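What follows is a single structure, written as structure tokens, with notes after it.
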Amino acid sequence: MQRKKDRIDALAATAGTAADIPDAGHVSESGGLSLIGSAWLRLRRNPVFLVGAAVTVLFILLAIFAPLIAPHNGTTKYLINQVTPSTPIPPSQNGFPLGGDDQGRDFLSRLILGSRQTLIVGVLATLAGLTGGLVLGTIAGSLGGWIDSVVMRIVDVMLSLPSLVLALAVATLFGKPSQWTLIIAISIVQVPIFARLLRGSMLTQRSSDHVLAARALGVKPSAITFRHMLPNSLGPVLVQATLVLATAIIEAAALSFLGLGNPDDSSPEWGQMLGKAQQLFDISPHVAFWPAGCIVVVAFGFTLMGESLREALDPRNRR
């Protein structure tokens, strides 16, 4: 026993002290990165996110400043004298690079102005769907029990139907189609997506340590829900909103194409323009190509940005 003690003392004597080690006992002053900070570092180096963000920002700026960017008034029939049975679409010419539509209005100006209506419908439908999903998801995730079962069975029924079919069914219930009926139809389709996602996040939060500690301390259930569970569950839902926005734009265009959107063409919208172009596609395919291309590019930009955000904010991807 004494011999073992002597060997340990000899090793300790030859190992040196902490003063012999350059950074012994030194704590680095550089703080760690939060989840948001770490995600931003990855996003800045992600070309997919940069492309999606660039497309999204350009689309939003175009929609906001559309009346200032459009070269002409979107309702004035500048080229009506060129509309004939043989040439129903005025061709490209000086001052009108994309020509006109079947009523002699500047096609480029209407395409630019249509971005505003497309953004309004997509954003309002997403916000309405997000609000409804937050209400249902919070109720199901916080209360649990039979209330959770009832809410989730309703959500499952809505999710079992294709989104476009459900939106089409809701839109046809209104006697007169308008922009608001379009927004309502699309928002109803988005509600179950947000509700199920938020409910799953809140169920995870219910078993977390800080929520269990709050219950042990006697914190009111309402305070636990709105101060502890809900704020920590919103991250995945908000990221999903960027992806849903792309879907909302496509579904709005599809319903407008089918004649269930705003019938007033004095306020152009890309889906509405695409629907009117189907009768002229054989003669002038560009009247369908441009609004369809804009819809695809914008939806693609939102999708790229949303997928990049979801990957960057996933804690499992942190390095």
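The one condition from (1) out of contact with any helix residue (DSSP H, G or I) (no Cβ under 6 Å at 6 or more places or on another chain); (2) open to solvent by 60 Å² or more (accessible area, probe 1.4 Å) that Arg196 does not meet is (1).
On the given criteria, is Ile188 within 22 Å of the chain's Cα centre (by Cα) and within 19 Å of Pro263 (Cβ to Cβ)? Answer is no for this residue.
Sort through Thr126, Thr84, Thr172, Thr75 and tell me the only one that's touching a Ser or Thr at 6+ places or on another chain (Cβ under 8 Å) and over 26 Å from Met229 (Cα atoms).
Thr75
Selection within segment 240-269: residues that are farther than 23 Å from Ile193 by Cβ and touching a residue at least 12 places away in the same chain (Cβ under 8 Å). The member of this set that is most open to solvent (accessible area, probe 1.4 Å) is Pro263. With respect to being among the hydrophobic types (A, V, I, L, M, F, W, C), over 30 Å from Asp264 (Cβ atoms) and in contact with a Gly (Cβ under 8 Å, 6 or more places away or on another chain), Leu182 falls outside the description.
For Gly141, indicate whether it is at pLDDT below 90, in a helix (DSSP H, G or I) and in contact with a helix residue (DSSP H, G or I) (Cβ under 8 Å, 6 or more places away or on another chain).
Considered against the rule, which asks whether it is at pLDDT below 90, in a helix (DSSP H, G or I) and in contact with a helix residue (DSSP H, G or I) (Cβ under 8 Å, 6 or more places away or on another chain), Gly141 comes out as yes.
Any residue at all in segment 57-73 that is modelled with pLDDT of 85 or more, small (Gly, Ala, Ser), open to solvent by less than 70 Å² (accessible area, probe 1.4 Å) and outside any helix (DSSP H, G or I)? Checked against the condition, which is being modelled with pLDDT of 85 or more, small (Gly, Ala, Ser), open to solvent by less than 70 Å² (accessible area, probe 1.4 Å) and outside any helix (DSSP H, G or I), segment 57-73 yields at least one hit. Scanning segment 167-187 for residues that are open to solvent by 60 Å² or more (accessible area, probe 1.4 Å) and at pLDDT 80 or above, we see that the one that is nearest to Gly137 (Cα to Cα) is Ile184. Mind checking whether some residue in segment 83-96 is open to solvent by 20 Å² or more (accessible area, probe 1.4 Å) and either aliphatic (A, V, I, L, M) or in a helix (DSSP H, G or I) (or both)? Yes, some residue in segment 83-96 is open to solvent by 20 Å² or more (accessible area, probe 1.4 Å) and either aliphatic (A, V, I, L, M) or in a helix (DSSP H, G or I) (or both). Inspect segment 222-233 for any residue being over 30 Å from Pro88 (Cα atoms), open to solvent by 10 Å² or more (accessible area, probe 1.4 Å) and among the basic types (Lys, Arg) and give the result as yes or no. Looking for residues that are over 30 Å from Pro88 (Cα atoms), open to solvent by 10 Å² or more (accessible area, probe 1.4 Å) and among the basic types (Lys, Arg), one finds at least one in segment 222-233, hence yes.
State yes or no: is Thr204 under 30 Å from Leu258 (Cβ atoms), hydroxyl-bearing (Ser, Thr, Tyr) and assigned to a helix (DSSP H, G or I)?
In short, no.
Selection within segment 281-304: residues that are open to solvent by 80 Å² or more (accessible area, probe 1.4 Å) and free of Cβ contacts under 8 Å to residues at least 40 places away in the same chain. The member of this set that is nearest to Leu238 (Cα to Cα) is Val296.
Taken over segment 121-141, the criterion of being farther than 20 Å from Leu166 by Cα, in contact with an Asp or Glu (Cβ under 9 Å, 6 or more places away or on another chain) and in contact (Cβ under 8 Å) with a residue 40 or more places away in the chain is satisfied by Ala140, Gly141.
The values are calculated or read from the model by the stated rules, or taken from the named source; none is laboratory data. Keep in mind that what you see is a predicted model, and the values were worked out from it rather than measured. Note that we place each Cβ from the backbone using ideal geometry, even for glycine, and neighbour counts take in every protein chain shown. Calculation scope for accessible area: heavy atoms of the full protein, side chains included, ligands and nucleic acids excluded. Shrake-Rupley method; radii C 1.70, N 1.55, O 1.52, S 1.80 Å.
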